[in-house]
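Data block below; observations after.
Read the figures in this text as sums done on the coordinates, not as results from a lab. This is a predicted model, so every value here is computed, not measured. Counting neighbours? That spans all protein chains shown, and the Cβs are built from the backbone with ideal geometry, glycine included.
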Amino acid sequence: MKVSNTRRIAEKLMQIMQIKEVSSMINVIITNNIAANSIIPEDPDALRKEAIVIQKEMPEYSVDRVMMLLMIEAMVGPHLEHQPEVMEFFMNWIAAESKVFDVAEFNKNSYIKNIDFANQSNGDYELRYHDLSPYELDIYNIPKRIDELCVDIPRVSCFTEKFKYPVIFQKSINSTWMSVSPNEVFTMEKPIKNAKGKVLTLGCGMGYFAYMASIKEDVESITIIELEQSVIDLFEKCILPQFENKDKITIVKADAVEYLRNIEDGVYDYCFADIWIGIEDIAPYFAVKEIGRNLRKTKIEYWIEDSFAILLSSSVWIEIMKAFSEANKMEIPPLDESKLTSLDKRKENYIHRLLSDVEISKPEHIDYYMKPQNIISLIDRTDIIF
């Protein structure tokens with residue numbers, strides 16, 4: 001990569017650098033706190049009284065939403081107490097992307113309504129429900145990217161009443177193994193909407209995608225590829241019998257990547273890939289992507305692909321800064337490689353190779369290469385292997 005040494009580019013990089021650091025900090029504070037703890041109001045009545053007063057100045061938001069925003073502000077505020085304008089900027093965006101869900105409305109989801117998870121088990125696994133308490137903070141979707149600033153806004157939600165959602169609990173490790181939480185529901189909306197004809201799904205999970213696709217009239221059949229026999233056994237014993245269109249479902253025990261590698265293009269109309277745990281599990285995404293981008297007749301979509309692109313944009317940023325410092329004969333603080341995992345190093349190396357021929361000569365080029373959708377397009381067009 002080459003980056004021109006111009007004043008406009010320097011100003012653009014400085015603008016991104018200043019806000020990107022704060023954005024990363026806010027995302028870590030909010031997402032890590034919510035993941036590690038049950039963030040619920042200590043005194044709901046007192047919080048509501050405070051929210052009622054504040055809501056009069058924020059009529060576009062409900063009292064319930066203001067209560068949630070006060071809880072988020074309490075998490076973030078101590079870290080930005082000397083930067084009130086920055087605090088206001090992020091809280092305005094967080095408020096715009098936040099949601100207060102209605103339990104009755106959410107329970108209309110066909111899977112949650114029709115698939116019973118009470119008092120069922122198979123071997124080491126047990127079907128049960130977990131609760132989100134009233135006003136307990138949750139992350140309901142991937143972050144909202146503000147492209148022009150390269151800023152990611154966490155999408156926070158809560159329910160006003162206790163909400164039960166289905167999980168698979170693994171008894172031997174005393175932990176939840178899988179769940180159909182609001183995050184699962186929202187991140188699968190688009191793939192479910194787009195599924196049609198003969199559908200292939202890589203990974204079984206709890207059968208959420210398979211069920212929701214199976215009740216669509218324009219879906220003819222669904223082939224599930226799953227390697228783990230324990231997952232297949234649990235699904236076939238406890239979940240599949242509850243499907244009203246179970247005749248559409250075929251389960252194949254196989255390695256998903258190898259199965260995809262060996263299919264004829266066009267045998268399936270649509271494929272949904274979901275064999276990774278989350279964004280920390282990017283290698284399987286690339287393994288599927290490198291095969292899938294060669295299929296022309298089968299439409300393929302990848303669970304949380306935008307999240308992977310947001311993650312990779314950090315590596316793009318590092319690459320841009322390195323190239324700019326070389327153009328300026330500047331020294332930038334080196335990365336502490338002792339903190340980098342082997343997967344981190346693979347990501348950096350991949351982005352370095354992906355952008356090796358790129359020339360950035362104006363600020364708009366920075367916007368282009370930092371945009372998650374453009375990163376996905378570059379990956380789609382390249383032959384570079386992760």
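The table below gives the values:
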item: GNM flexibility winner over the chain from Phe186, Phe159, Phe243 (Cα, springs under 10 Å); result: Phe186
item: Region 73-114: GluC sites (Glu not before Pro) in DSSP loop, at most 15 other beta carbons within 10 Å; result: Glu81
item: Three-way shape label, region 1-65, alpha-carbon gyration tensor, a/c 1.5; result: oblate
item: Spin-label model distance (nm) - Tyr129 vs Glu364, 7 Å beyond Cα toward Cβ; result: 5.4 nm
item: Rg(Cα) / (2.2 N^0.38 Å) computed for region 177-250, rounded to two decimals; result: 1.03
item: Mean ellipticity per residue at 222 nm, deg cm²/dmol - from DSSP H runs of n ≥ 4 across the chain, formula -39500 (n - 2.57); result: -14000 deg cm²/dmol
item: Of all DSSP beta bridges in the chain, antiparallel share, percent nearest 5; result: 45 percent
item: Euclidean distance between Cα centres, region 199-247 to region 17-83, Å; result: 39 Å
item: q = 0.12, 0.13, 0.22 Å⁻¹: log10 I(q)/I(0) that the Debye formula gives for region 244-386, counting C-alpha atoms only; result: -0.59, -0.67, -1.49
item: Equivalent ellipsoid semi-axes, the chain, via Cα gyration tensor eigenvalues times 5, rooted, Å; result: 36, 32, 17
item: √(5λ) per eigenvalue of the Cα gyration tensor, region 38-186, largest first, Å; result: 32, 18, 15
item: Gain in span if fully extended, Ala35 to Glu57, counting 0.36 nm per residue against the direct Cα distance; result: 4.8 nm
item: Ellipsoid equivalent to region 189-302 - semi-axes via the Cα gyration tensor, in Å; result: 21, 17, 13
